[in-house]
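The values are calculated or read from the model by the stated rules, or taken from the named source; none is laboratory data. Bear in mind the structure is a predicted one, so any value in this text is a computation, not a measurement. In this analysis, Cβ positions are derived from the backbone assuming ideal geometry, glycine residues included, and neighbour counts consider all displayed protein chains.
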Amino acid sequence: MNKENINLSTALQHWGADSFHSMLIRDIMALSANSLPLQQGLSQGDMAAEKPEKVSVMASNETKSQIIVRLGVYFTEIISGCSCGDDPGMLNGYCEMELVIDKLSGDANFRVTG
């Protein structure tokens, strides 16, 4: 779960418009460090960078009360403790997340799905 209450009301105001995806990505990239559960998306590293490098919208739809967005998230994985000259090592990381936005409040939750 996220450590902070995340609100994406600004992006929510653009739902249904061509600008929704770009506003959503802008708002996600502006979130404070460690807002996304990147640590849960690790595949090879020990730690995830505090912020994503790139976010892409793969799909979006709505229910009566929520907007559900599937995201592709690119980030840096950090490999520490290998006693190498370039320790810590860095890898390109990728995971998919589901973002659920409450249509009334704009409150949002991220969950790693793959």
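Applying a threshold of 8 Å to beta carbon distances and a minimum spacing of six or more residues, or different chains, the list of pairs starting in region 12-26 at a residue that is within 15 Å of Q66 (Cα to Cα) and ending at one that is part of a loop (DSSP other than H, G, I, E, B) and not aliphatic (A, V, I, L, M) reads L12/K103; L12/G106; W15/K103; F20/H14; L24/H14. Taking the residues in region 66-80 that are assigned to a strand (DSSP E or B) and modelled with pLDDT under 95 as candidates, determine which candidate is nearest to L99 (Cα to Cα). This residue is F75. In the condition set (1) of a type outside the set (V, I, T); (2) modelled with pLDDT under 95; (3) outside any loop (DSSP other than H, G, I, E, B), S60 is compliant with all but (2). For P37, which of the numbered conditions (1) under 19 Å from N7 (Cα atoms); (2) within 10 Å of the chain's Cα centre (by Cα); (3) modelled with pLDDT of 95 or more fails to hold? Here P37 meets the rest and fails (3). Give me the residue from region 37-71 that is surrounded by fewer than 16 Cβ atoms within 10 Å (Cβ to Cβ) and aliphatic (A, V, I, L, M) and, out of that set, nearest to R111 (Cα to Cα). Looking at residues that are surrounded by fewer than 16 Cβ atoms within 10 Å (Cβ to Cβ) and aliphatic (A, V, I, L, M), I get I68.
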